Every structure is written in C-alpha cells, then in structure tokens.
1. For A176 and E396, calculate 0.36 nm times their separation in residues minus their Cα-Cα distance, and state this gained length in nm to one decimal.
2. In the full protein assembly as shown, how much of T73 is accessible to a 1.4 Å probe, in Å² to the nearest 10?
3. Taking N as the number of residues in the range 150-232, what is its alpha-carbon radius of gyration divided by 2.2 N^0.38 Å?
4. Against the 2.2 N^0.38 Å scaling, with N counting residues, where does the range 369-409 land? I'd like the Cα-based Rg ratio to two decimal places.
5. When the Kirkwood radius is taken over all Cα pairs of the range 87-191, what Stokes-Einstein diffusion coefficient follows at 37 °C and 0.692 mPa s, in µm²/s?
6. In what order, largest first, do E407, E402 sit by accessible area if the probe radius is 1.4 Å?
7. Return a whole-number percent for the relative contact order of the chain, with Cα pairs under 8 Å and 6 or more residues apart as the contact set.
8. Taking the Cα centre as origin and putting +1 on Lys and Arg beta-carbons and -1 on Asp and Glu beta-carbons, what dipole magnitude results for the range 14-153, to the nearest 20 debye?
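The values are calculated or read from the model by the stated rules, or taken from the named source; none is laboratory data. From a predicted model like this one, the values you see are computed outputs, not experimental measurements. Please note: Cβ atoms are built from the backbone with ideal geometry, for glycine as well, and neighbour counts cover all protein chains shown. Please note that ligands, DNA and RNA were not included when accessible areas were found on the heavy atoms of the full protein model with its side chains. Shrake-Rupley method; radii C 1.70, N 1.55, O 1.52, S 1.80 Å.
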Amino acid sequence: MKPWGGRFRQGADPTAERFTASLEFDQRLWPHDIAGSIAWARALARARLLTDAERDAIVKGLEAVRAELEAGTFPFRPELEDIHMNVERRLQELVGEVGGKLHTGRSRNDQIALDERLYLKEVVGRTREGLRRVQQALVDRAAETADAPMPGYTHLQRAQPVLLAHHLLAYVFMLARDRERLAACATRADAMPLGAAALAGTAYPIDREALARDLGFAAVTANSLDAVSDRDYVLEFLAATAIVGMHLSRLAADLTLWATAEFGFVEFADAFATGSSIMPQKKNPDVAELIRGKSGRLYGDLVAVLTTMKGLPLSYNSDMQEDKEPFFDSVDTLDAILGVLPPLLASLTFHTDRMRVAAGEHYATATDLADYLVRKGVPFRQAHEVVGRVVRHAIEAGRSLEALPLETLRRFSPLIETDVSHALTVDVTRR
C-alpha cells in the first residue's frame, strides 16, 4: 500500500508508477538517508515525541537496514518509488509499528533536500582531492621540464617563447580556482533543511540547531519554502564542474594537438592511446579526446537542471526529481576524468628538443628584441617599428633573427650591440 493510500480509491497505473519512480537512480543516497533518519529519530526523542526505548528501537532498526544495504542484501521494492520509502518500509518490517513514528513532522521534500546536501558535501571533498592530484601531476611534470622552451601561441600562431613548465602550470592555477569554487559551493550547501517539512515547517518542537550539529551542518535553513524548493546547491556544483570540464578539455586539446605529426611535441604512452581498426600505423589519443568530449556532457547536465528549475512556482514540484540524474551523471563523469588524468599526465613523453627548435623559429624572439631596444631608451612604438623592419629583412633573406650578423642588425638601430644575442636566443641558460 502507498503511504498516501488512504486518500485514493484506485491504485497507480503500472506505466505511471514506473514513470514516477526514482529508485533506480536515487538509491545511491541511502547512506545519507540513513544518517538523516537516525538524527531525526534522536530529534524526535529530544522533543518528547518518541520515548527513549522507541528511539533506540528505530535507531537499531536503521542500523540493521544500513548493514543490509552495505552487504547488498537489502530487498529493494521498485513499487515504493524511491530510496526514502524503501528504507522506511524496511524499517517497519524490522521493528514493527514504532517504525511508522519516524516520519512524524518530516516530509520527503525536506528529506531529499537533506540527502542531496549531505551527498554534495561528500562529493565536493572527493572532487577537490581529485583536482589536487591532477595539479600535483602537472607540477611534477613542470619540475622535470623547468628549462625546456617551447613556442607560446596566440591565435594558434607562434607568438613568443615560453617554458613548457610555464604552460603546464597555467592549468594548475585554473584548477586552483575550480577547487575554490567547489569549496564555496559546499559552504553555501552547508545548511540543514530538516524541519521545513513539506513546505510550511514542522508542527513539532524540533531543536533544529541540535539536529544540524548531529548531522555536521554549520547552520539551519531560514525559510521553509526556500528549503524545500532550493536547488541552487546542485546548480552551483554543476556550474563549477562544467568550468572544470572546460579547463580539462583545454588541457586535453593542447595535448592532442601537440601529439600530431605537425607538432610532434608529445607522445602518449601506449597505455593511454588506441590504434585504428584499419590503419596499422595509427596511434590515437582517445583518452585525451574523451576528456575533451565529456565537457559537453557536463555542460548539458547544467543546462538540463537550469531549464527544469526555470519558472517553477514555489514550493516543491515533482519536476525537481529531474535534478538527480544530471547531478549524479556529472559526479560520475568527473570522477572518471579525475581518475584517469593523473596517470595519463605522468606517462607523457615530451619531445623537448623539438619544442626548443620550434620555440626559436618564425621570429618568435621579435618581441624580446623590441624589449631590448626599449631598455636602451627607445620608445616601444618606435622599437616595434624597427623590429618589424628587421623581421621583414630576415624573411626576405631567408634567415632567422639569431642568424643575422651584428652589422646587419645595427643598420636598423645603432643601439644594438653584442649583448643582443641574449635577447635572440631561446636557451634559458644564455638569457
């Protein structure tokens, strides 16, 4: 029998029952549902709504339910719709009628808000640690290549020489901001919604502050309508993970581009590449490409929940059930990316000799030559013009800037002296 069966004469249509059920995906919330229910039983006892013996029986029953879930022996019943009703019904089977008292003053509306917030705080910690491991892998590779120059690019055109380490560390700083965003998201999610009930608050004298302390929350939600209709915490998490996905997609794009024969800057280890079913010579960077591709999935999850929430009247609506699959999908997608990326980065072979040669080609040190003239007292715009003429001459002569004789350079500016070689080389030990 449904928990609302007293109002209805007719049972649910099987197709409607399947359509409204969320157990298939919300069952992953069971650890948080059990924790919330144990804390709620204790809150009811503090409010004299349960005796100590009733509280202890309910808590013992919930611990038994937890043990079944941990062991994989829990008898899930799809007709009960969701994880909340499955846990409650199993509790009643184990402890009898007293289990029916657990839902006093509580709604599935504030119950799911609690479960999601607890789950979010858990996954934020895990995601931030995964990002830290990626950062460490990048720092380790940067330390190995601290003196290796490579071309820096703007508009995908060679611009100025940079260090490979400098390029890799750019992503470390991007991920630092990502970790900050996730931490801020968890901070705003750190408010306990139980006691909001369905929408108007509970009718019983629940000590919400004590309940928040029991569950490890920093605060309680201030408005019951907001507490059950708010999904900002999910949206913030999805927005933060979408930005993470964008950053990691750009890293993957760099690596896949560098692995082409046209660049030849990096080679993927066999363990993180695949071959072609028809072309025997191919070595494809499929893992990096999938990291890049999964950013679109993370974006889609964010847009899906934004679209679901747009225009919903207060307070709770069943539309909000649609937040869970995108939420969980983003968690799983990012877990997978953060699991594979550190070992992929550690396995890369950087062809630093080829990078060094490329860094000095296509007149990449022209800006350094202009800066050299500025340090000699030439206004920058004039220095820019002078060096532009030097580059044009070098192109016509078919020579690099570093290969131009000093006397040739001095025809463009008498301020150029023998120390100009330090400005024209990409060798960091000579600069």
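1. Numbers: separation 220, 0.36 × 220 = 79.20 nm, distance 4.59 nm.
Full-extension gain reported as 74.6 nm.
2. Answer for T73: close to 90 Å² accessible.
3. Details: Rg = 23.0 Å, N = 83, 2.2 N^0.38 = 11.8 Å.
The range 150-232 yields a ratio of 1.95.
4. Working: Rg = 10.4 Å, N = 41, 2.2 N^0.38 = 9.0 Å.
After normalising by residue count via 2.2 N^0.38 Å, the value is 1.15.
5. Values: Rh = 18.0 Å.
For the chosen part, D equals 183 µm²/s.
6. Numbers: E407 125, E402 100 Å².
Reading off the accessible areas and sorting them downward yields E407, E402.
7. On the way: 542 pairs, mean separation 67.1, N = 431.
Reported relative contact order: 16 percent.
8. On the way: 21 positive and 24 negative charges, 84 e Å.
About 400 debye.
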